[in-house]
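Undergrad: Handing you this structure, nothing more for now.
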Amino acid sequence: MKIPLVVALTGLAISLAAPAFAQEKDAVDSQIRQQLDALGEKYDEAFNNGDAAALAATFTRDAVLVNDTGPVYGREAIEKYYADLFLKVHLSNWLTTIDQNSPHVVGTAGNEMWATGEWSGTIQGHNFGPIRSKGYVSSIAVREGDVWKKRMQMSNVARNSQVGLAISFAAPAFAQEKETVDPQIIEQLAARAQQIH
């Protein structure tokens, strides 16, 4: 009787210890977490200042930005995308919050991390707003020397979010070099979104 009890207790101890070990192995040390938080703060600050060059500087040379208007490839194109966006709208109160259980190590070298979180901000267009909005973000950051940069970032606008309507219609015009959507349409969509909330 004692041997089955010992085996059962050993199995219980291993099953309780294994998840804790797995969490420790995947955990990011506090110094790296602080560096990644600093990267996020630079990103948010650049948004709030309307500084496309500083925003693009948070990305690697070969980065990809994916949002509801489609992918944007490379730091130069990302800078142009944001410069064009800042001509159309003013963004303020921008804040990106990384989930408590993020970031996570990618691979074994510890030079790549992935994280998920939320963003929120206020958008003011020439003919609409201010509109408060939020959405979700996922990203992969890589270490270049002693500096962390974004290699890939994906974001979306939360369902029924007012600003998503404005950005979705305003951004493709200059990101994809298509015709600009009539500002009255954007105003009507923003007004309709406010009625929903």
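Undergrad: Report yes if residue 110 is open to solvent by less than 20 Å² (accessible area, probe 1.4 Å), at pLDDT 85 or above and of a type outside the set (Val, Ile, Thr), otherwise no.
TA: So residue 110 does not fit the description; no.
Undergrad: Restricted to the range 38-56, and to residues that are among the charged types (D, E, K, R) and more than 19 Å from residue 151 (Cβ to Cβ), which residue is most open to solvent (accessible area, probe 1.4 Å)?
TA: 45
Undergrad: Picking from 84, 68, 99, which residue would you name as being acidic (Asp, Glu), touching a residue at least 12 places away in the same chain (Cβ under 8 Å), over 18 Å from residue 149 (Cβ atoms) and open to solvent by 60 Å² or more (accessible area, probe 1.4 Å)?
TA: Unique residue meeting the criteria: 68.
Undergrad: So for the range 3-15 (the condition being under 29 Å from residue 150 (Cα atoms), modelled with pLDDT under 80, surrounded by 10 or more Cβ atoms within 10 Å (Cβ to Cβ) and not aromatic (Phe, Trp, Tyr)), does at least one residue qualify?
TA: Within the range 3-15, none of the residues are under 29 Å from residue 150 (Cα atoms), modelled with pLDDT under 80, surrounded by 10 or more Cβ atoms within 10 Å (Cβ to Cβ) and not aromatic (Phe, Trp, Tyr).
Undergrad: From the set of residues in the range 87-107 that are among the small types (Gly, Ala, Ser) and on the phi < 0 side of the Ramachandran plot, which is modelled with the lowest pLDDT?
TA: 102
Undergrad: When you scan the range 71-81, how many residues do you find that are touching an Asp or Glu at 6+ places or on another chain (Cβ under 9 Å) and either basic (Lys, Arg) or open to solvent by 20 Å² or more (accessible area, probe 1.4 Å) (or both)?
TA: The total comes to 2.
The values are calculated or read from the model by the stated rules, or taken from the named source; none is laboratory data. Predicted model, so just to flag it, every value in this text is computed and none were measured. Quick reminder, even Gly has a Cβ in these numbers, built from the backbone with ideal geometry, and neighbours come from all protein chains shown. For the accessible areas, the whole protein counts, side chains as well, though only heavy atoms, and no ligand, DNA or RNA atoms are used. Shrake-Rupley method; radii C 1.70, N 1.55, O 1.52, S 1.80 Å.
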